[in-house]
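> Below are the structure tokens for one structure; questions will follow.
The values are calculated or read from the model by the stated rules, or taken from the named source; none is laboratory data. In this text, all values refer to a predicted model and were calculated from it rather than measured experimentally. Neighbour counts are summed over all protein chains in view; Cβ atoms, including those assigned to glycine, are modelled from backbone coordinates with ideal geometry. When the accessible area is computed, the model is the full protein with side chains, heavy atoms only, and any ligands, DNA or RNA have been set aside. Shrake-Rupley method; radii C 1.70, N 1.55, O 1.52, S 1.80 Å.
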Amino acid sequence: MVAMQIPAPGAALVRIERPMPNPGPGELLIEVAACGVCRTDLHVLDGEIPARYPIIPGHEIVGRVAALGSGVEGFAIGQRVGVPWLGHTCGVCPYCRAGRENLCDAPLFTGATRDGGYATHAIADAQYCFDLPDRFSDVEAAPLLCAGLIGWRALRLAGPASVIGLYGFGAAAHILAQVARHQQRTVYAFTRDGDTAGQDFARSLGCAWAGGSSQTPPTLIDAALIFAPAGELVPRALRAVRKGGRVICAGIHMSDIPSFPYADLWQERQILSVANLTREDGTSFFDLVGGMQLHTVTQSFPLAQANQALQSLRAGRVQGAAVIMPPTATA
């Protein structure tokens, strides 16, 4: 197999070759067809979240089963599957027993603490692989495995909010805007100040208003979902939500949140965070998007250009989602 690996925090990815791995008990060997590029990959690259180095990043994997480990049931050779960020849980800690496996005390995370999908092949725990709706191509499906899933979990935490604001209009928000419009919610999009192209993109996906993150929306919103890793957006979002509204921080890493007056939080406003996902988040999300009109906007990069893909994401040059394509895959 061939992969692009992060040798150490802060180091550029390097190409490696290694013998084809064999799946262990309960595991699948997957031939990777596409792997989405997520901002979390940048946090792994920069050493901002716990990871095991050297590591093959990538946790939005779409591929086909190439081999089955012992004890695996419900999968067949050649079957298409998706592999998300949450790659394994212990099943015995209080959180797992309570149905909150996203908070497991001893998890494994794809592309951070177990090798991921910037590769021709990957090993995955069969219990944490999803069936994917046939209507999406491999490239179209890849961003759904994290940008879609984390956005979906964040939207569920927003409750019945009829007017939502999306701060940071990247891979997750461009999917979530379409889901929210399908649910007949009003969506406001907040981009970097001056990003008129991003604002036009948001409006093209049905957002009722789009502007810079320092701007005041036309009306107060019921919930704000923050995807950009910028802590200064939290006080801004609090000032934009109505009484009883929620601000949901949907990223795994964020810069420090500056102090703000208690008055901005008062009147039962809430700040919540999203941590990982559960398998139920995945099944409910794919059930929903499999039956609606959803288009993921993608930009593909060959596996050998994984460094360029990450730097394009860092610089804000990707509209929608970037996707890595192994040399054996076809768009």
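> How do the helices (runs of 4 or more DSSP H) wholly within the stretch 132-211 filter down when requiring 3 or more residues that are polar (S, T, N, Q) and either without any contact (Cβ under 8 Å) to a residue 24 or more places away in the chain or farther than 20 Å from VAL323 by Cα (or both): which remain?
Where helices (runs of 4 or more DSSP H) fall fully within the stretch 132-211 and carry at least 3 residues being polar (S, T, N, Q) and either without any contact (Cβ under 8 Å) to a residue 24 or more places away in the chain or farther than 20 Å from VAL323 by Cα (or both), they are 196-204.
> Can you find even one residue in the stretch 34-42 that is surrounded by 14 or more Cβ atoms within 10 Å (Cβ to Cβ), more than 21 Å from PRO302 (Cα to Cα) and of a type outside the set (D, E, K, R)?
No, there is no match, as no residue in the stretch 34-42 is surrounded by 14 or more Cβ atoms within 10 Å (Cβ to Cβ), more than 21 Å from PRO302 (Cα to Cα) and of a type outside the set (D, E, K, R).
> Please work out which residue is farthest from the chain's Cα centre (by Cα), limiting yourself to the stretch 57-93 and to residues that are outside any strand (DSSP E or B) and buried (at least 23 other Cβ atoms within 10 Å of the Cβ).
THR89
> Another question, if that's okay. Assuming THR219 fulfils every condition listed in (1) part of a loop (DSSP other than H, G, I, E, B); (2) surrounded by fewer than 16 Cβ atoms within 10 Å (Cβ to Cβ); (3) within 18 Å of the chain's Cα centre (by Cα) apart from one, which condition is it?
(3)
> Can you tell me which residue in the stretch 222-231 is farthest from the chain's Cα centre (by Cα), limited to those that are surrounded by 22 or more Cβ atoms within 10 Å (Cβ to Cβ) and part of a strand (DSSP E or B)?
So, considering only residues that are surrounded by 22 or more Cβ atoms within 10 Å (Cβ to Cβ) and part of a strand (DSSP E or B), the one farthest from the chain's Cα centre (by Cα) is ALA223.
> Mind listing whichever residues of the stretch 22-56 are outside any loop (DSSP other than H, G, I, E, B) and of a type in the set (S, T, N, Q)?
If the condition is that a residue be outside any loop (DSSP other than H, G, I, E, B) and of a type in the set (S, T, N, Q), then THR40 is the only one that fits.
> Which of the residues spanning the stretch 267-299 are surrounded by fewer than 16 Cβ atoms within 10 Å (Cβ to Cβ) and farther than 30 Å from TYR95 by Cα?
GLN267, GLY291, MET292, GLN293, HIS295
> How about the stretch 6-21: which of its residues are out of contact with any Leu (no Cβ under 7 Å at 6 or more places or on another chain), outside any strand (DSSP E or B) and either hydrophobic (A, V, I, L, M, F, W, C) or under 20 Å from CYS129 (Cβ atoms) (or both)?
Within the stretch 6-21, ALA8, ALA11, ALA12, LEU13, MET20 meet the criteria.
> Which of (1) in contact (Cβ under 8 Å) with a residue 60 or more places away in the chain; (2) more than 20 Å from PHE130 (Cβ to Cβ) is the odd one out, the single condition SER273 does not satisfy?
Single failed check for SER273: (1).
> Take the stretch 1-54 and flag every residue that is acidic (Asp, Glu) and over 23 Å from the mean Cα position of the chain (by Cα).
Answer for the stretch 1-54, where residues must be acidic (Asp, Glu) and over 23 Å from the mean Cα position of the chain (by Cα): just GLU17.
> Which pairs turn up if I take residues in the stretch 306-322 that are within 21 Å of HIS295 (Cβ to Cβ) and look for partners that are part of a helix (DSSP H, G or I) and open to solvent by less than 50 Å² (accessible area, probe 1.4 Å) with beta carbon separation below 6 Å, at least 6 apart in sequence or on another chain?
VAL318/SER312; GLN319/PHE201; GLY320/HIS174; ALA321/PRO143; ALA321/ALA147; ALA321/ALA171; ALA322/ALA309; ALA322/LEU313
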